[in-house]
Each structure stands twice: as C-alpha cells, then as structure tokens.
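Note sheet for the following structure.
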Amino acid sequence: MARKRQAASGGTPATVAAARAGVAFTLHAYAHDPAAASYGGEAAEALGADPLRVFKTLVADVDGTLTVALVPVSGQLSLKALASAVGGKRAAMADPAAAERTTGYVRGGISPLGQRRRLPTVVDASAAGHPTVFVSAGRRGLEIELAPADLVALTGARTAPIAR
C-alpha cells in the first residue's frame, strides 16, 4: 500500500509531530456523527477499515499517573494488564476532564501523538501484526494511518497484551 507524508503546516499537533519526525503516514477524514455510540467504531466503519487495525486511545490512571493505552476498537482495555505493563498495582479509567486537560485534545479526538504533555503509553501487542494501524489524528473525524513501529517510536510506548 502506498503511504504518503503529509505537510506539517495547518495540521493537528498529532500530524505536525508525525511530519516533524519524518515518518510516513496517511490522513483519513470522515464526517463525524455526534450521535455515534463509539468514536472508534464509527471511524472503522466510515473508513471501511478492519476494527482490529483501528486503535482507540484511552487514558487511565495507574497508581496516580495518567497513562495512555491503545487497543483495537473491537476490544476492551484490561486495566489489570495495563497496570502490570507499566509496573503498577491499580488502574482505573481517568477522569475525562483530566485526560482532555493533560493531552490537549477533546474526548473522541485524543491522539497518542503530539500530546500537550507526553504520557507513559502502552500499545496493545496485536498492533505489531498489521502493516499499518489507525489512531486518532487529534480531532473527531480524522484518523492517521502509520506503521505500528512508527507509532511506538513516536510515543515512546512499550507494547504489551493489554486488550481483551
């Protein structure tokens, strides 16, 4: 599949970060429906993408530290596995307002890339089984497609089996 690099100007913080890093990526825009039950599910359906390749960005609180978890939209995050992956004891979903304030993005558009403050990040190990994956590009209705290795490198993430 041909991938192209997008220009850094006029993009979201996520696309600017990817362009500055020089990684190949493709942007995919779609009309966001505010009534959609699931942001990630909506993205997969609108793009005609396999839900196993579209990853949702979740922010959890692991022992008092906000932590980003990326799991396929078709699955769920195992909080226990996330805590274990970062050497923590307990994890709970973060307060949405705290997640928005810390990342600089709105819920449903939180990208793992270009966050206001870089948070510890864990990408589900299943990402490595795909040539490219989709994650939010920083706003509802916009996804960025890139190689899993580039996603891990750009976020400083570790990979672990955190989806169920």
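The values are calculated or read from the model by the stated rules, or taken from the named source; none is laboratory data. Not measured: the values here are computed from a predicted model. In this analysis, Cβ positions are derived from the backbone assuming ideal geometry, glycine residues included, and neighbour counts consider all displayed protein chains. All accessible areas refer to the heavy atoms of the entire protein, side chains included, with ligands and DNA or RNA removed. Shrake-Rupley method; radii C 1.70, N 1.55, O 1.52, S 1.80 Å.
The set of residues in the range 113-138 that are surrounded by fewer than 18 Cβ atoms within 10 Å (Cβ to Cβ), outside any loop (DSSP other than H, G, I, E, B) and touching a residue at least 24 places away in the same chain (Cβ under 8 Å) comprises A125, A128. Name the residue that is least open to solvent (accessible area, probe 1.4 Å), counting only residues in the range 78-112 that are of a type in the set (K, R) and more than 16 Å from A137 (Cα to Cα). Ranking the candidates gives R101 first.
Whether any residue in the range 89-96 is in a loop (DSSP other than H, G, I, E, B) and either among the polar types (S, T, N, Q) or in contact with a Gly (Cβ under 7 Å, 6 or more places away or on another chain) (or both) is what I want to check. For the range 89-96, residues in a loop (DSSP other than H, G, I, E, B) and either among the polar types (S, T, N, Q) or in contact with a Gly (Cβ under 7 Å, 6 or more places away or on another chain) (or both): absent. Would you pick out the residues in the range 123-156 that are out of contact with any helix residue (DSSP H, G or I) (no Cβ under 7 Å at 6 or more places or on another chain), small (G, A, S) and under 16 Å from A21 (Cβ atoms)? The answer is A147, A149, A153, G156.
Taken together, the residues in the range 13-34 that are open to solvent by less than 60 Å² (accessible area, probe 1.4 Å), closer than 15 Å to I110 by Cα and not hydrophobic (A, V, I, L, M, F, W, C) amount to 2.
Is it the case that some residue within the range 69-80 is over 25 Å from T15 (Cβ atoms) and assigned to a helix (DSSP H, G or I)? Checked the range 69-80: at least one residue is over 25 Å from T15 (Cβ atoms) and assigned to a helix (DSSP H, G or I).
The one condition from (1) open to solvent by 60 Å² or more (accessible area, probe 1.4 Å); (2) in contact (Cβ under 8 Å) with a residue 40 or more places away in the chain; (3) more than 18 Å from A98 (Cβ to Cβ) that T65 does not meet is (3).
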